[in-house]
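Asker: Provided herewith is a single structure, encoded as structure tokens, for subsequent inquiry.
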Amino acid sequence: MRLIGSVVLAMVFMATATFGQAEDKAWRDRVVVAVRPGAVVARRGLDNDPITQAVLFGQGGGRWSHVGIAVQLIPGGPIYIESAMPGAGTKLEKPEAFFSAEQAAEGDVLLMPEDKIDAVQSAAKSLLGRPFDEQLAIDDDGKKLYCTELVAIALRSAGVLKDLPVRSIPFLPKKVIAPDDLVAVARATSLRSETRTPLTIRPNYPAIPIQERRLCMGPLAKS
């Protein structure tokens with residue numbers, strides 16, 4: 001009987017693990033497919049990543065630890081995620097890398113208004129090559145950038161944002177832009193865009209119905 005019980009437990013464990021792996025791959029595939037030029041993307045890093053934990057602690061918990069903007073270097077070319085990282089500055093990654101299991105526990109894609117996409121991309125690409133801002137300063141005219149600052153400045157330059165969503169956090173004398181605050185503003189913009197345009201259609205990309213956008217988020221996503 002003990003042997004049978006052990007076998008049953010092993011089978012349950014294997015089935016659970018297989019289901020978890022399939023679910024994990026499914027949300028990553030949905031998020032990667034949903035990426036469009038000009039979109040704001042967000043991810044929650046891994047629990048064992050010290051930078052992720054530092055960001056989440058700084059904003060008092062929350063959900064997101066890193067953000068970026070999807071860009072095309074040339075029209076019709078591949079899409080990359082532009083973001084600012086410690087030690088690397090503003091860099092480009094493929095969506096598959098940005099949302100990979102080595103970097104992301106959860107992800108989201110927020111599409112920008114159709115009439116702002118080109119401006120968002122142009123603003124973001126103009127910031128490529130800037131060094132990372134270890135001081136988290138937003139009063140240096142963007143000479144150095146951290147992840148949320150990069151996205152916020154690009155959105156403001158494109159006319160999507162009017163003001164930067166700043167807040168005070170523990171142990172820092174200056175206000176900063178927290179990932180959760182930036183995502184909340186971008187989400188509000190995305191939702192307003194959805195009420196005006198039921199489908200987002202770009203050349204060479206399939207349309208994404210509104211209801212399917214809700215499925216692009218990671219396993220802990222909420223509407």
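Computed from the coordinates by the stated procedures, all read-outs in this text should not be read as laboratory data. Keep in mind that this is a model prediction, so the values were computed, not measured. Note: ideal-geometry Cβ built from the backbone for every residue, glycine included; neighbour counts use all protein chains shown.
Asker: Could you work out the Kirkwood radius for the range 28-116, taking every pair of different alpha carbons, averaging 1/r and inverting it, reported in Å?
Answerer: 13.5
Asker: Now for a different question. Please quote Rg/Rh for the range 32-216 to two decimal places, taking the Kirkwood radius as Rh and restricting both calculations to Cα atoms.
Answerer: Over the Cα atoms of the range 32-216, Rg/Rh equals 0.94.
Asker: Rank-order 76-83, 148-155 by packing density, defined as the average count of other C-beta atoms within 10 Å over each peptide's residues, highest first.
Answerer: 148-155, 76-83
Asker: What distance in nm separates the two pseudo spin-label positions at D115 and Q72, each 7 Å out from Cα along the beta-carbon direction?
Answerer: The two pseudo-label positions are separated by 2.1 nm.
Asker: While we're on this one: Tell me, what ³J(HN,Hα) does each residue in the range 26-33 have, in order and in whole Hz, if you take phi through Karplus 6.51 cos²θ - 1.76 cosθ + 1.60 with θ = phi - 60° and put x for Gly and Pro?
Answerer: Karplus-based 3J(HN,Hα) across the range 26-33 equals 5, 5, 5, 4, 5, 5, 4, 5 Hz.
Asker: Which lysines does K94 reach when only Cα atoms under 19 Å apart count, and residues fewer than 8 places away in its own chain are ignored?
Answerer: Cα-Cα hits under 19 Å: K25, K125.
Asker: Sticking with this structure for a sec: Could you compute the FRET efficiency for K162 and K91, with r as their C-beta to C-beta distance and R0 at 30 Å, rounded to 0.05?
Answerer: FRET efficiency, K162 to K91: 0.60.
Asker: Let's test the formula: R0 of 25 Å, r as the Cβ-Cβ distance of S100 and L128. What FRET efficiency results, to the nearest 0.05?
Answerer: 0.70
Asker: Ok, one more. Using 7 Å Cα-to-Cβ label points, what is the F171/N48 separation (nm, one decimal)?
Answerer: Result: 2.2 nm between the two label points.
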